[in-house]
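Quick notes on the structure that follows.
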Amino acid sequence: MDSIAEEQDRPAETEDEPSEEAPRAAGTEEGISKEDGGASVTGEISSLSISSADDVVDKPEMTLKSEKLNEEVEAAEVSQIKTVLAADTPYSWAQTFEELNISENLLRGLYSEMKFERPSKIQGLTLPMILSPPYHHLIAQAHNGSGKTTCFVLGMLSRVDPEVQAPQAICVCPTRELAIQNEEVLLKMGKFANITSACAISTDFNKQSSTRRGQVVDQVIIGTPGTIKRWISTKILNTKQIKILVFDEADHMLAQDGFQDDSLRIIQNITKSNGGCQVLFFSATFNENVKNFTVRIAPKANQVFVKKEELSLDVIKQYRVRCPSDAEKVNILKDRIFPAAEKLGQSIIFVRTRASASNLHRRLDADGYKCTSIQGGLSNEDRDRVIREFRSGQTKILISTDVLARGFDQAQVTLVVNYDLPLKNAPPYGPDYELYLHRIGRSGRFGRKGAAFNLLVSAADEENLNQISQYFSRDIPEVPWDDDEAFEKVLKEAGLA
């Protein structure tokens, strides 16, 4: 069995609020039972502390995932994936779900509920690694919209024994929105598996809600790190029978300015409780620091990575717009970009601060544009309402801070505007490459066409975008800010008009 050695950490983000969730059943028929052969997790943590969240700049949070697949994404994916396998990994590439030897009930969920026909490339590659003894850890990176969620959800469902009424799988997500969405996928995929789940997420209720919750007996726990850690520390979540632990958006979960402390504490608790389990790390991006850290804490893990130069999908056309001033940026939106994109799908405009989101929303709303905005200062109820309105098509324009940068899946989004470029909030300062990739990836979901306009004003903006262009080895051509026809032309070239 593998061993994870935990590293000393720096302060993580503010932990989330607890919630009280009722058990939810994933079907009524019998599911598969597997022997537990999870890998061990060992180590110590020291010098841990929690810091308060930034009041002005929102970090990436929102992730709402769906699992539709596309041939164009898959074709690009397979030529770009690099794998590093543990010596005793029984390697095979699954061409069909039947080759995975999963239960009929799970196959029924995949075909009748998820409407899948066969595994995507990332699924065909990683699922045999996840489901085959000796259950090595897995560090997996793949393009947005490639089917990563199915990999770990099916992995959890397959490892759970439905006859054992105790927690056996945990999925840790950076936000309540992602936890809810992942549980929805699990309930849909596991509809016939007779497996229950609980969602450990923050709500607008106070912290006393966690003390009122009874002992967790659901087999799969999906939630945010602070709430899961609190459930464990208050003894309502027993990790003695945990077989598989998943970190979604793992690069953020293990980053020093993310949830590294909480994540390592959860690993440590499972290690002390049962000797360890199989750990899966999934994300679309892994910077070198996080990648090296993950490899150190999971030294014998199977690894699946994509070169950074290959991550910027060709289906998303990227452009730069040199604006004469900050004041003109909103006019370029209204007079150039919106008219050119009027007949397209929905648009997301990314800004850097909460104040910018509020101000831009106010200006567009005053000029008669039907739009909504989302940022970290909103209540959970308001955030849910904004997402519902956008997903239902009530609004075509969504203004967002980086709470929405990661993984928000809305197929109708064809255009992203970086009103402000994404920048790092801590040294070394400069452009945030991973965040840029996640932002533009909100368009062009599942291989569909998409476009991204980057609005530039200062020389610093120009330099930051040049660094992004160089980092991903992608040319980002200019669209003249005062040329109406140029905007329509590039959208046609992007296949959107």
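Summarising the amide proton neighbourhood of Ile349: residues at separation of 5 or more, or on other chains, whose placed amide H is nearer than 5 Å comprise Leu398, Ile399, Ser400, Val417.
When a/c reaches 1.5 or more, the comparison of a/b and b/c decides; with that in mind, is the range 212-341 rounded, prolate or oblate per its Cα gyration tensor? In terms of gyration-tensor shape, prolate. Residues whose amide H comes within less than 5 Å of that of Cys171, counting only those at least five positions distant or on another chain, are Ile221, Ile222, Gly223, Val246 (H built at 1.01 Å from N in the peptide plane). Using the Karplus relation 6.51 cos²θ - 1.76 cosθ + 1.60 with θ = phi - 60°, the per-residue 3J(HN,Hα) values for the range 346-360 come to 9, 10, 10, 10, 9, 10, 8, 10, 5, 4, 4, 4, 5, 5, 5 Hz, with x marking Gly and Pro. Stokes-Einstein, applied to the Kirkwood radius of the range 110-192 over Cα pairs at a viscosity of 0.692 mPa s and 37 °C, places its translational diffusion at 238 µm² s⁻¹.
Whole-percent P(r), the range 132-266, all Cα pairs, 5 Å bins from 0: 2, 10, 21, 23, 23, 14, 6, 2, 0. The convex hull drawn around the Cα atoms of the range 429-497, when projected onto a plane and averaged over every direction, covers 5.3 nm².
Remark: C-alpha extents of the range 264-403 on the principal axes read 61, 37, 28 Å, sorted largest to smallest. The phi-based Karplus calculation (6.51 cos²θ - 1.76 cosθ + 1.60; θ = phi - 60°) puts the 3J(HN,Hα) values of the range 124-134 at x, 7, 8, 4, x, 5, 5, 9, 9, x, x Hz, whole numbers, x for Gly and Pro. For the set Lys334/Lys489; Lys334/Lys492; Lys307/Lys492, the pairs lying more than 24 angstrom apart at their alpha carbons are Lys307/Lys492. A cut-off of 5 Å between modelled amide H atoms, ignoring neighbours fewer than 5 places along the same chain, links Thr414 with Gly345, Gln346. Among 277-285, 473-481, sorting by the average number of other beta carbon atoms lying within 10 angstrom of each residue, highest first, gives 277-285, 473-481. Across the range 453-464, coupling constants 3J(HN,Hα) worked out from phi with the 6.51/-1.76/1.60 Karplus curve, θ = phi - 60°, read 9, 10, 8, 10, 10, 9, 5, 5, 4, 4, 5, 5 Hz, and Gly and Pro carry x.
Just so you know, all these numbers are worked out from the coordinates, no wet-lab data involved. Treat the numbers as computed from the prediction; the structure is a model and nothing was measured. Note that each Cβ is placed from the backbone with ideal geometry, even for glycine, and that neighbours are counted across all protein chains shown.
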